[in-house]
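So the structure is just underneath, and the comments pick up after that.
Derivation of every value follows stated rules applied to the coordinates shown; laboratory data play no part. Keep in mind it's a predicted model, so treat the numbers as computed, not measured. For neighbour counting, all protein chains shown are included, and Cβ atoms are generated from backbone atoms with ideal geometry for every residue, glycine included.
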Amino acid sequence: MLPGDVISVSTTSAHFIYLNSLDTVVELLEKRAGATADRPPNVMVKDLMGWGEGVALHAHDERHKKMRRVIASALHPAAARSYAQQHMENTLAFVRDISISPRMFKQHAANAIGAFILRLTYGHVVTKNDTLISLIHEAVHYFTLGVGKHYLVNDIPLLKYVPSWFPGANFQKLASLGKELRNKYASEPFDKVFEEIRHNRLSRPSYTSRLLEEKGGTNASPEDIDLIKWTAAAMYLAGSTTTLHIVVVLFFMMALYPEVAQRAQAEIDSVVGRGRLPDFTDRESLPYVEALLQELMRMSPPTPLGFPHTVTEDIEFRGYRIPKGASINPNIWMILHDPKHYSSPHTFTPDRYLKPVPDPDPRKYNFGFGRRVCPGLHVANDTAWIMCVGVLTLFDIRAGEELNQRVREIGGRESPRLFELCEGFGAGLPLSFEYKITVRDQAAVELLESGA
């Protein structure tokens with residue numbers, strides 16, 4: 001084991017383990033998944049704000065296993081393919097929005113992804129100034145406040161019983177409002193679908209309606225209703241953040257590597273032609289585009305430090321003792337920039353996945369490990385692919401002067417310091433640089449107008 005593969009950090013109240021190599025992650029989070037599949041406690045977010053009800057933060061108990069089975073039954077690869085037409089309609093609206101106001105591409109991407117997820121989950125068609133979108137964004141904002149700051153109640157759980165009027169208990173007011181929004185966001189769209197089924201006036205099928213009907217509609221058991229409701233509520237946060245990150249990183253990387261974009265466009269033009277947008281039937285015939293998507297997720301993983309796992313029993317690991325309750329954090333960024341697995345790791349090179357012996361597929365490490373692999377990964381992967389290929393088909397992307405200047409300052413586009421051009425010193429989206437986004441040519445203009 002190389003020095004630095006495992007880093008241990010202890011505080012008075014917690015023990016953190018950081019895994020910096022692929023081998024250690026596979027051994028601990030996959031081969032020993034039975035002992036490392038739990039989530040760390042977070043009294044503020046999980047208990048007081050109610051986010052522990054959802055699949056992502058739930059303890060790995062019997063209910064968590066049932067929730068994962070429910071999601072997998074509706075979002076397995078074959079089911080994911082059934083959303084192809086919805087993907088195409090959504091992508092066409094997305095690229096049209098970019099053509100009208102290219103500077104707002106990030107907001108257009110967020111809107112498109114949110115609209116797709118809500119239609120898939122509840123059959124909800126998003127409108128201008130949509131109240132459900134506003135509700136979800138507000139609930140997610142409070143969730144972010146909960147996870148983005150350290151609260152004393154996480155160190156001293158008994159403080160959760162302190163009333164909100166008590167001096168210093170402002171966290172209770174924040175948690176109460178966050179929980180109210182969380183419950184409202186989980187209940188309102190679910191209840192609407194439930195009532196539509198009750199009165200036999202379902203507007204359009206969805207994840208929620210299909211699962212309810214499979215369980216007897218309004219006669220479904222309280223347990224089934226609870227599982228469907230809370231797995232549906234998990235869809236937006238789980239699906240929107242990862243997919244948005246990939247799409248925004250596409251603009252950033254194509255601005256830095258225009259020759260890569262041109263090669264992808266040449267492949268699309270050769271395989272698909274200029275008369276329509278690519279669809280999922282073209283995917284296997286576009287290997288360079290597929291490799292480009294892989295490289296986006298390697299160069300800028302959506303969750304650089306992954307999601308923490310918790311050890312449920314003492315583990316002996318290569319001479320180390322990992323105590324029960326320790327938090328294990330997979331360092332995804334370091335794994336995907338390890339020269340042992342990825343040659344020239346700071347260079348954007350889709351060809352690395354097209355070699356006779358390709359580099360490891362980074363998508364495997366961006367959707368979780370072991371018993372915490374994201375059950376909706378197939379839909380998320382499809383959403384990212386169809387949106388990215390739509391952008392590549394229709395637009396040229398060039399860096400603005402500010403981005404060019406910042407890249408020069410850090411030593412060029414292959415600099416190990418490229419992560420400094422992202423929020424949170426590499427932990428978030430690329431900074432808000434201006435890009436020169438233009439429709440490629442007259443054929444692209446006609447395609448946007450025709451909606452083919």
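Under a model in which nothing but the beta-carbon of Lys, Arg (+1) and Asp, Glu (-1) is charged, the chain shows a dipole of about 640 debye around its Cα centre.
Holding the Cα-Cα limit at 27 Å, pick out from LYS160/LYS215; LYS31/LYS179; LYS31/LYS160; LYS31/LYS66; LYS364/LYS436 the pairs that are longer than that.
Working: LYS160/LYS215 37 Å; LYS31/LYS179 36 Å; LYS31/LYS160 36 Å; LYS31/LYS66 21 Å; LYS364/LYS436 32 Å.
Checking Cα-Cα distances, LYS160/LYS215; LYS31/LYS179; LYS31/LYS160; LYS364/LYS436 exceed 27 Å.
Using 0.36 nm per residue and subtracting the Cα-Cα separation, the extra length available between GLU62 and HIS76 on full extension is 3.0 nm.
Compare the peptides 131-144, 212-225, 372-385 by average per-residue count of other Cβ atoms within 10 angstrom and give them in order, highest first.
Details: 131-144: 16.9, 212-225: 13.9, 372-385: 22.4.
Put in order of decreasing packing, that is 372-385, 131-144, 212-225.
Membrane-span-like helices of the chain, defined as complete DSSP H segments with a Cα extent of 15 Å or more along the helix axis and a mean Kyte hydropathy of at least -1.0, are identified as 62-75, 84-100, 105-122, 131-147, 170-198, 222-256, 258-272, 287-299, 377-394. In summary, the lysines within cross-link reach of LYS128, defined as a Cα separation below 19 angstrom excluding same-chain residues under 8 places away, comprise LYS106. Among 153-160, 410-417, 13-20, the peptide with the highest mean count of other Cβ atoms within 10 Å heads the list, and the full ranking is 13-20, 153-160, 410-417.
Under a 5 Å amide H cut-off, with hydrogens placed 1.01 Å from N, PHE317 pairs with ILE322 among residues at least 5 apart or on other chains.
Helical runs (DSSP H, four residues minimum) scored at -39500 (n - 2.57) apiece and divided by the length of the chain put the mean residue ellipticity at 222 nm at -16000 deg cm²/dmol.
Run the Debye formula on the Cα coordinates of the range 6-450, all scatterers equal and no solvent, and tell me log10 I(q)/I(0) at q = 0.14 1/Å. Treating every Cα as an identical point scatterer, log10 I(q)/I(0) equals -1.48. Placing unit charges on each Cβ (+1 for Lys and Arg, -1 for Asp and Glu) gives the range 6-450 a dipole about its Cα centre, and among ILE335, ALA264, ASN90 the Cα reaching farthest toward its positive end belongs to ILE335.
The spacing between the range 390-407 and the range 160-224, judged by their C-alpha centroids, is 41 Å.
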